[in-house]
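All remarks here apply to the structure that follows.
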Amino acid sequence: MTTETALFTVRRADASLTPSFPPFGQFIGGTFVPSTSTSTVEIVNPATEEVLTQVPAGTVEDVDAAVAAAVAAKDAWAAKTPRDRSAVLLKIADTIEANRELFETLEAANTGKPSAVAEDDISSAIDTFRFSAGAARAYSTLGADDYAENHTSVIHREPVGVVGVITPWNYPLLMAAWKIAPVLGAGNTLVLKPSEQTPLTTLKLAELIAGEVPSGVLNIVTGPGRVVGNRLSEHHDVDLVAITGSVGSGQKVAAAAAGSVKRVHLELGGKAPVVVFADADLEAAAKGVRSAGFWNGGQECGAACRVLVHESVADKFTELLVREISEITVGTPGAGDAEIGSMISKPHYERVLAALDDIRKDGLTIAVGGRAIEGPGYFIEPTVVTNVPAGAAITSNEIFGPVVSVETFSTDEEAITRANETIYGLAASAWTKDSARSLTVPRKLDFGTVWVNSHLVIATEMPWGGFKGSGYGRDLSSYALDDFSRTKHVMYNRG
Ligand code: NAD
């Protein structure tokens, strides 16, 4: 398909990436073993449409073997001191750092993301392991004390046991790191199922750290969510299941987990509002949306994808935003300064294009972008949609692509009410120079992270997670260690 305006074209790298692939097999008990099935999943480079390699389409039996390995390893791993577990996490961080380019190339080839995004992902993954290594050692519980006559209470923080982890495709290694680091740091063993579309960097990590992590502590099973993910969720020897993914998948995981009454950790979708007040620095807000709305091609759960701007500055802001977005560069990994890459897969590309068709049918204005860009590769133009009335489908549906919508509001109360009118509660931002507003508005926004005059800045030390339909798990920070631990009260009778 060709664009009518051809404002955007795909910059293509001179040479195609030559990634180093992981071994073929399931990583169980510290080594790659054959799957019980001969079926495979093709792994595609979405920026070129070339098939990169294949991975096993795992089975229930593969999951059962991996869970058995994690069960066998759990007592010895839980018995290690925080210092010893921390040493392993630091070695994982060092291994990723020593192989940084390999991971960046493999991630970019599997996802079509620009090199700058892949570099940021790998740096953040390294930092996550280093933070968890320190946090696991610094973590402590209440000191022992007396709360009943002649009785002394002690609180122990224990590992939960075996944790099942299910990751998405948008930040494959980073989302795995966000789980592996605190899960292992808190003394659990785990079985991880990467997205069937993007398993390569997670498998590569397993290959490279196999000698550093005791066998059975970390296991990886590739394959479809409805088979491998579902088995992890229902398995009676899995004590907690954590998923980062869509709301629908989170609901299925929680339903499957109910049978064994296991704990569930949900990091689900988002539709982050960006509330721009009349007193805001409009240029800064427009630049903020350029970076936070289009990072990773908008395939980002906290993306700044829904602007609510005060009616008195809406025209000026929209003009600035459209100018910013018109300048975005699109390209393949390795193509110089490309800001956004391809969509992750053909089905997702078609979903985003269908959403753009619906936007046209709804009579909204596409101020810039709105179409596919000529292939090969699943590229879509950076898009700004204006003339969006309250309650339009685009204000609540997660498109998960390079599409930002702009609505207007009249009063602060209206802005807050409308920003909160979504099933999601992951992230939001407020843009204002008014100090009173900057203190009151974030308290009224129903989202797990609220930025003021910023958006999508993530700190490893601070918790990340949602409210409402976005789930209730917390990643990053020592809150993640809490989520992957259980507390036990032991009371001693001194009478
Ligand atoms: P997805 O829900 O399609 O898949 C996520 C994972 O769940 C995959 O590994 C998939 O195989 C698995 N899965 C699918 N069905 C399953 C089932 N029945 N049982 C168990 N597992 C199952 O999501 P995606 O398309 O890979 O990722 C995009 C979604 O992830 C978006 O909604 C995005 O907002 C969300 N996300 C959230 C965060 C966060 O921190 N909250 C971060 C990244 C992505």
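See the values below:
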| read-out | value |
| --- | --- |
| Search result, residues across segment 186-198 that are not in a strand (DSSP E or B) and not β-branched (Val, Ile, Thr) | 186, 187, 188, 194, 195, 196, 197 |
| Residue in segment 309-324 that is surrounded by 15 or more Cβ atoms within 10 Å (Cβ to Cβ), closer than 30 Å to residue 448 by Cα, within 16 Å of the ligand (Cβ to nearest atom) and modelled with pLDDT of 95 or more present | no |
| Test: residue in segment 64-74 that is free of Cβ contacts under 8 Å to residues at least 40 places away in the same chain and either closer than 22 Å to residue 169 by Cα or crowded, with 17+ Cβ neighbours inside 10 Å (or both) | yes |
| Residue 440 β-branched (Val, Ile, Thr) and in contact (Cβ under 8 Å) with a residue 60 or more places away in the chain | no |
| Failed item, numbered, when residue 438 is tested on (1) away from the ligand (no atom under 16 Å from the Cβ); (2) assigned by TED's automatic domain parsing to the domain that holds residue 312; (3) touching a helix residue (DSSP H, G or I) at 6+ places or on another chain (Cβ under 8 Å); (4) open to solvent by less than 60 Å² (accessible area, probe 1.4 Å) | (3) |
| Count - residues of segment 254-284 that are crowded, with 22+ Cβ neighbours inside 10 Å, over 20 Å from the mean Cα position of the chain (by Cα) and closer than 19 Å to residue 418 by Cα | 4 |
| Filtered residues of segment 400-418 (kept if closer than 22 Å to residue 322 by Cβ, of a type in the set (Gly, Ala, Ser) and either more than 16 Å from the ligand (Cβ to nearest atom) or part of a strand (DSSP E or B) (or both)) | 405, 415 |
| Residue ranges of strands (runs of 3 or more DSSP E) in segment 6-60 with at least 1 members open to solvent by 50 Å² or more (accessible area, probe 1.4 Å) and over 25 Å from residue 216 (Cβ atoms) | 40-45, 50-56 |
| Segment 82-122, residues that are within 21 Å of residue 189 (Cβ to Cβ) and touching a Ser or Thr at 6+ places or on another chain (Cβ under 6 Å) | 89 |
| Scope segment 287-306; condition open to solvent by 10 Å² or more (accessible area, probe 1.4 Å) and closer than 19 Å to residue 392 by Cα; matching residues | 305 |
| Exclusive hit being modelled with pLDDT of 95 or more, under 21 Å from residue 309 (Cβ atoms) and open to solvent by less than 30 Å² (accessible area, probe 1.4 Å), set 413, 421, 398, 407 | 407 |
| Conditions (1) assigned by TED's automatic domain parsing to the domain that holds residue 187; (2) within 13 Å of the ligand (Cβ to nearest atom); number of the one not met by residue 447 | (1) |
| Residue match in segment 101-114 (condition: aromatic (Phe, Trp, Tyr) and under 21 Å from the mean Cα position of the chain (by Cα)) | yes |
| Index of the failed condition, residue 232 passing every other in (1) farther than 28 Å from residue 422 by Cα; (2) in contact with a Ser or Thr (Cβ under 7 Å, 6 or more places away or on another chain); (3) within 9 Å of the ligand (Cβ to nearest atom) | (2) |
| Given (1) in contact with a helix residue (DSSP H, G or I) (Cβ under 6 Å, 6 or more places away or on another chain); (2) outside any strand (DSSP E or B); (3) more than 20 Å from residue 9 (Cα to Cα); (4) open to solvent by 10 Å² or more (accessible area, probe 1.4 Å), number of the condition residue 360 does not satisfy | (1) |
| Residue count for segment 329-349, restricted to those that are over 15 Å from residue 382 (Cα atoms) and part of a helix (DSSP H, G or I) | 3 |
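Residues are listed down the side, and each one gets a yes or a no for (1) buried (at least 24 other Cβ atoms within 10 Å of the Cβ); (2) of a type in the set (A, V, I, L, M); (3) touching a Ser or Thr at 6+ places or on another chain (Cβ under 9 Å):
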residue	(1), (2), (3)
207	no, no, no
221	yes, yes, yes
226	no, no, no
247	no, yes, yes
252	no, no, yes
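The values are calculated or read from the model by the stated rules, or taken from the named source; none is laboratory data. In this text, all values refer to a predicted model and were calculated from it rather than measured experimentally. So basically every Cβ, Gly included, is an ideal-geometry build from the backbone, and we count neighbours across all protein chains shown. For the accessible areas, the whole protein counts, side chains as well, though only heavy atoms, and no ligand, DNA or RNA atoms are used. Shrake-Rupley method; radii C 1.70, N 1.55, O 1.52, S 1.80 Å.
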